[in-house]
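The values are calculated or read from the model by the stated rules, or taken from the named source; none is laboratory data. Model, not experiment: these values are computed from the prediction. In this analysis, Cβ positions are derived from the backbone assuming ideal geometry, glycine residues included, and neighbour counts consider all displayed protein chains. Side chains included, ligands, DNA and RNA excluded: accessible areas come from the protein's heavy atoms. Shrake-Rupley method; radii C 1.70, N 1.55, O 1.52, S 1.80 Å.
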Amino acid sequence: MLGAAVALAGCAAAGAGGTSSASASSDADARGESYSRDPYPSTYRPYAGVPTLVTNVTILDGEGGRIENGAVLFRDGRIVEVGSDLAARAGVTVIDGAGSYLTPGIIDVHSHLGDYPSPSVAAVSDGNEATAPTTPEVWAEHSVWPQDPGFSRALANGGVTTLQILPGSANLMGGRSVTVKNVYARTVQGMRFPGAPYGLKMACGENPKRVYGSRNRMPSTRMGNLAVNRQTWAEAQAYDRKWDKYEAEGGDPPARDIGMDTLRGVLDGEILIQNHCYRADEMAVVLDMAREFGYRVTAFHHAVEAYKIADLLRESDTCAAVWADWWGFKLEAYDETDANLAILDDQGACALIHSDDANGIQRLNQEVAKARAAGIRAGMDISEEHAWRWLGINPARVLGIADQTGSIRAGKMADLVLWNGNPFSVYTRPQMVWVDGALLYDMNNPELRPVSDFELGQPGQGM
Amino acid sequence: MKRMMLSATAIAAVFAAAIPAAAQDVAITNARLVIGDGSAPVEGGTVVIRDGRVVAAGTNVAVPAGLRTVDAQGKWVSPGIVAGFSRLGIVEISGVSETNDTSADDSPFHAALDVAPAVNPLASAIALNRAEGVTRAVVAPGTGESIFAGQGAVIDLGADMDAVTAPRAFQYMEYGEAGARTAGGSRPAALAMLRNALMEARDYARDPAAFADRGRDAFLTRLDAAALAPVVQGRVPLLVHVERGSDILTVLDLTSEFPDLDLVLVGATEGWTVAPRIAAAGVPVIAAALNDLPASFEQLAATQSNLGRMRAAGVKIAIGLFNDEAHQVRWVKQYAGNLVGLSRVPGETGLDWGAAFAAISSGPAEALGMGGEIGSLRPGRRGDVVIWDGDPLEVGTAATMVFVDGVEQPLETRQQRLRDRYLTPPDGRLPNAYRH
């Protein structure tokens with residue numbers, strides 16, 4: 001078992017795109033030996049599944065396609081065939097999905113499950129290292145409690161198969177995110193999505209300026225936010241140059257700086273920026289900052305005012321992850337419209353739903369239904385299959401895993417949800433959920449429902 | 001993606017509707033009619049409203065001659081939604097403290113605080129939730145440095161400056177973990193504070209003139225005692241936020257010492273664990289609908305089946321707590337719909353459609369003792385009626401006409417104006433500030 005984990009770890013390191021120490025040391029003498037880009041590698045392995053053919057379903061493929069009376073065959077963790085009339089074959093379990101919908105597993109790009117778990121008590125509130133305005137050196141995965149009861153609710157009620165767990169928004173640079181498969185494991189490494197790139201959580205606006213301003217230290221204003229960010233990026237550029245030179249030419253290795261490692265990963269395009277930001281004007285400034293220092297913002301999260309700058313987002317190829325209808329909890333969340341996501345999409349920007357909430361993650365399909373309805377009320381013609389992109393391929397793109405999951409396509413991971421009705425209806429629930437082809441939730445089978453260690457033997461026991 | 005542009009006349013109609021109409025007599029016919037009392041919807045229904053009150057609702061209802069008639073064309077028609085627990089109208093932006101009148105940490109007064117004068121009928125959350133078919137709301141203060149939050153109100157969401165339907169309609173307080181914290185650190189401390197306050201209030205009620213106000217050193221100021229006197233006499237309901245099963249029993253036991261208390265439980269995440277005893281006490285519950293996480297140690301037994309199980313045990317239920325009570329009471333419709341969906345999951349206990357709708361209409365009204373006034377379309381109730389473009393519990397359904405006290409309401413919101421300003425990309429001829 002241990003041997004297998006180590007073998008996989010090597011694959012994961014290579015998959016993450018980093019220079020592994022093993023390969024560096026075998027190169028020419030002039031090169032300096034770099035550090036491991038993946039020292040806490042994924043040990044996740046797909047659970048056992050059986051070859052399965054789901055027939056007679058409405059398929060929303062997550063990329064904008066729809067097949068009525070469709071069928072999907074998957075085996076060995078991967079989708080093998082997608083069509084409308086696949087023949088049954090020997091040794092394959094057939095599920096007749098009459099009246100049901102089959103979609104890709106839901107992906108939530110913004111979660112704090114595990115680092116702000118249930119119960120919400122100080123003893124396990126590990127999401128904000130709120131001791132300095134920039135903490136790129138912290139990694140969310142080192143906080144994640146794999147026993148958080150929230151994972152099971154997201155699976156059973158929400159059909160969530162993949163999620164990104166982020167540090168909180170107290171800091172301008174909150175630390176690294178981690179993308180996990182929604183499976184219970186004894187260790188966080190056992191949940192890590194193999195090969196998924198890391199993200200760097202950044203936050204603009206009211207949170208960092210309030211947290212540090214209230215301690216009478218910088219930043220206490222939005223201009224302070226930018227100043228600290230720019231200074232830090234300038235230092236990151238210098239660090240990056242030093243290591244680039246060392247890795248190319250050898251000599252004395254530069255001193256390691258764990259936070260700068262993360263920023264260097266961003267500058268090198270290996271780590272994706274996930275930027276908490278609400279206001280349109282502020283997002284525009286952040287895009288300027290990214291151009292100034294030569295990095296890319298993969299996505300703005302909570303982008304309540306994104307609809308005001310759909311063109312800027314489109315031109316910079318930056319996605320906006322939004323709620324369907326949250327507003328009013330602070331001034332930067334005041335100018336909301338329920339049509340935010342639909343307007344972005346209509347004007348050609350990449351838009352998607354996200355939760356940031358242990359309850360909301362259980363109903364992201366309904367949030368998309370609301371966002372779609374708001375768009376239709378605004379006069380747009382938005383099909384169900386098109387809207388499912390907001391839950392399917394677009395979130396996968398934001399996490400850098402669109403080649404692996406996020407849509408129903410031959411060759412991809414068999415992350416699938418069979419819904420007991422139309423998933424745009426409030427009355428519909430997940431009936432079966434597969435992660436990498438393994439059936440991990442079945443509405444009709446009480447034994448196929450996970451109960452975390454924390455809940456075992458408690459009143460209710462994971463209900 | 002193709003778009004159907006709003007016509008100029010449609011936009012003009014929106015502006016015209018922004019002026020509240022005078023009280024109307026109206027009949028709504030040809031409705032898929034929801035009474036709100038727990039019964040299933042009926043086809044071909046009619047509602048007749050005169051002088052702001054429902055005079056008849058059902059099938060085989062005759063429309064008096066000369067009455068304004070709205071043909072619902074088979075669409076859903078229901079009583080307006082009653083938000084069972086909110087901060088509606090007392091908050092504009094939660095994080096901007098100047099606009100947030102929920103609680104007052106530094107005030108020496110607690111039970112005496114009265115939210116009614118703080119309600120702003122022009123708060124943007126009122127317009128937004130009105131446009132989504134919410135016509136009444138229970139508005140509660142939040143606690144400061146006492147277990148007592150103060151006196152809550154029931155309001156309407158009509159577009160006029162008279163929002164308060166019932167001021168000082170109840171007293172709200174915290175027990176359990178939150179009560180323990182404000183009382184000094186433990187549940188016994190909270191219980192002692194509560195019992196002492198009720199005893200003092202009883203003394204006050206016997207002879208107000210003899211009640212000595214001991215100022216800031218008092219456990220209860222004169223005004224606080226005056227506010228609690230009708231509570232201990234059972235003339236004003238006491239809404240107690242409580243989550244844990246054992247805490248619920250402690251609260252129910254209060255009536256052995258204070259037999260006149262009119263208790264209502266709020267929250268009650270673990271209510272199902274003691275449901276027969278809540279039912280036996282005849283105490284209604286305004287519960288959070290979908291709490292299924294052990295969010296705290298007093299909610300370890302959280303389950304989405306809580307409301308369904310309590311109802312099955314005979315508890316009078318309503319839906320009331322949300323993630324954002326100041327802005328998002330519209331979500332109760334989605335919550336109720338989810339409880340209908342839950343009834344299709346083996347091993348879970350949800351609600352049938354009629355019971356789910358009643359949990360956001362007559363349920364909260366009856367919990368507050370106002371079932372004779374609001375929450376249903378039974379004759380005599382206030383004329384709060386909504387016409388919907390689909391099933392009101394379904395996400396995506398919109399309210400197309402809303403009446404409050406028989407007055408047709410404007411449905412425009414600030415959010416909608418922002419939407420329309422940015423619905424098409426700016427053309428650059430003038431700044432967007434000129435698009436209005």
### Message
Amide H of residue A:70 versus every other amide H placed in the peptide plane: which residues, excluding those fewer than 5 positions away on the same chain, fall under 5 Å?
### Response
A:56, A:57, A:58, A:59
### Within straight-line cross-link reach of residue B:316, lysines at Cα separation under 23 Å, skipping those fewer than 8 residues along the same chain
B:333
## Note on the structure
Dividing the mean separation of Cα pairs under 8 Å (6+ apart) by the residue count of segment B:167-280 yields a relative contact order in percent of 27 percent
### Message
Report, to one decimal in Å, the Kirkwood hydrodynamic radius for chain B based on all distinct Cα pairs.
### Response
22.7 Å
### Spin-label model distance (nm) - residue A:422 vs residue A:125, 7 Å beyond Cα toward Cβ
4.2 nm
### Query
Considering only the protein assembly as shown, what is the antiparallel percent among its DSSP beta bridges, to the nearest 5?
55 percent
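What does the C-alpha gyration tensor say about the overall shape of segment A:259-386? Classify as rounded when a/c is under 1.5, otherwise prolate if a/b is larger than b/c, or oblate. Don't skip to the end; give the middle numbers.
Numbers: a/c = 1.84, a/b = 1.66, b/c = 1.11.
Prolate shape, in that a/c is at least 1.5 and a/b is the bigger ratio.
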#### Entry: Simple Cβ-charge dipole of the protein assembly as shown, Lys/Arg +1 and Asp/Glu -1, about Cα centre, in debye nearest 20
780 debye
#### Entry: Per-residue [θ]222 nm for chain B (sum of -39500 (n - 2.57) over DSSP H runs n ≥ 4, rounded to 500)
-8000 deg cm²/dmol
### Message
Let me confirm the definition first: pairs of Lys residues in chain A, 8 or more apart or on different chains, C-alpha distance under 24 Å. How many are there?
### Response
10
### Solvent-accessible heavy-atom area per residue, rounded to whole Å², over segment A:369-454 at 1.4 Å
28 Å²
### Task
Classify segment A:165-243 as rounded, prolate or oblate, taking a ≥ b ≥ c as the square roots of the eigenvalues of its Cα gyration tensor: rounded when a/c is under 1.5, otherwise prolate if a/b is larger than b/c and oblate if not.
oblate
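Taking a probe of 1.4 Å, how large is the accessible area per residue of segment A:226-268, in Å²? Working shown, then result.
Details: 2130 Å² over 43 residues.
Per residue, segment A:226-268 has an accessible area of 50 Å².
Give the average over all directions of the projected area of the C-alpha convex hull of the protein assembly as shown, one decimal, in nm². Please list the in-between numbers first.
Working: hull surface 161.4 nm².
Across all orientations, the protein assembly as shown yields a mean hull projection of 40.3 nm².
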### Two-decimal Rg to Rh for chain A - Kirkwood Rh, Cα set
0.97
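Can you work out the FRET efficiency for the pair residue A:221 and residue A:248, with r the C-beta to C-beta distance and R0 = 45 Å, to the nearest 0.05?
Numbers: r = 40 Å, r/R0 = 0.90.
Rounded to the nearest 0.05, the efficiency is 0.65.
Taking each residue of A:441-447 in turn, how many C-beta atoms of other protein chains fall within 10 Å of its C-beta, and what is the average?
Details: counts 0, 1, 5, 3, 1, 2, 0.
Rounded to a whole number, the mean comes out at 2.
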### Summary
So, over other residues within a Cβ distance under 12 Å of residue A:57, counting Lys, Arg +1 and Asp, Glu -1, the net charge is -2
### Message
Show me the trypsin sites (Lys or Arg not before Pro) within segment A:72-110 that DSSP assigns to loop and that have at most 14 other Cβ atoms within 10 Å of their Cβ.
### Response
A:89
### Message
Please give the charge dipole size of chain B, origin at the Cα centre, charges +1 on K and R Cβ atoms and -1 on D and E Cβ atoms. Round to the nearest 20 debye.
### Response
1000 debye
### Shielding by partners, peptide B:386-394 (average Cβ within 10 angstrom, other chains)
2
### Summary
For segment B:130-274, shape from the Cα gyration tensor axes a ≥ b ≥ c, cut at a/c of 1.5 then a/b versus b/c, turns out oblate
### Message
Nearest 5 percent is fine: what portion of the DSSP beta bridges confined to chain A is antiparallel?
### Response
55 percent
### Query
Averaged over A:372-381, how many beta carbons belonging to a partner chain fall within 10 Å of each residue's beta carbon?
5
#### Entry: Computed over chain B: relative contact order in percent, which uses C-alpha pairs under 8 Å that are six or more apart
20 percent
### Query
Along the charge dipole of chain B, which of B:171, B:293, B:112 sits closest to the positive end, that is, farthest toward it, with unit charges on the beta carbon of Lys, Arg, Asp and Glu (+1, +1, -1, -1)?
B:293
### Message
If amide hydrogens are placed 1.01 Å from N in the peptide plane, which non-local residues have theirs closer than 5 Å to the one on residue A:301?
### Response
A:275, A:276, A:277, A:321
### Rounded to 5, percent antiparallel among DSSP beta bridges of chain B
55 percent
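In debye, nearest 20: dipole of chain A around its Cα centre with unit charges on the Cβ of K, R (+) and D, E (-)? All intermediate terms of the calculation are to be shown ahead of the outcome.
Numbers: 40 positive and 57 negative charges, 95 e Å.
The dipole of chain A has a size of about 460 debye.
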### Query
B plus A alone minus the pair: what accessible area, both sides summed, probe 1.4 Å, in Å² to 100?
5200 Å²
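So, R0 is 35 Å and r is the distance between the beta-carbons of residue B:223 and residue B:249; what FRET efficiency does that work out to, to 0.05? Numbers along the way, then the final one.
On the way: r = 31 Å, r/R0 = 0.90.
In this case the efficiency is close to 0.65.
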### Query
Along the charge dipole of the protein assembly as shown, which of A:437, B:95, B:193 sits closest to the positive end, that is, farthest toward it, with unit charges on the beta carbon of Lys, Arg, Asp and Glu (+1, +1, -1, -1)?
A:437
### Query
Counting each DSSP H run of 4 or more residues in chain A as -39500 (n - 2.57), what helix-only mean residue ellipticity at 222 nm follows after dividing by all residues, to the nearest 500 deg cm²/dmol?
-8000 deg cm²/dmol
### Query
To the nearest 10 degrees, how steeply does helix B:8-17 sit against the main Cα axis of chain B, on a 0 to 90 scale?
40 degrees
#### Entry: Values of log10 I(q)/I(0), in the order q = 0.19, 0.21 Å⁻¹, for segment B:48-88 under a Debye, Cα-only, solvent-free model
-0.75, -0.85
### Query
In chain B, what percent of the accessible surface is made up of carbon and sulfur (1.4 Å probe, ligands and nucleic acids excluded)?
52 percent
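Under 8 Å for C-alpha pairs, at least 6 residues apart: give me the relative contact order for chain A, rounded to a whole percent.
Details: 1114 pairs, mean separation 91.9, N = 463.
About 20 percent, as a whole number.
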### Task
On the protein heavy atoms, probe 1.4 angstrom, tell me the percent of accessible surface of chain A carried by carbon and sulfur.
50 percent
#### Entry: Cβ-based charge dipole, segment A:302-395, positive-most Cα from A:310, A:376, A:321
A:376
#### Entry: Cut-off 19 Å, label 7 Å out along Cα→Cβ of residue A:81, residues of segment A:414-437 by amide N
A:414-415, A:437
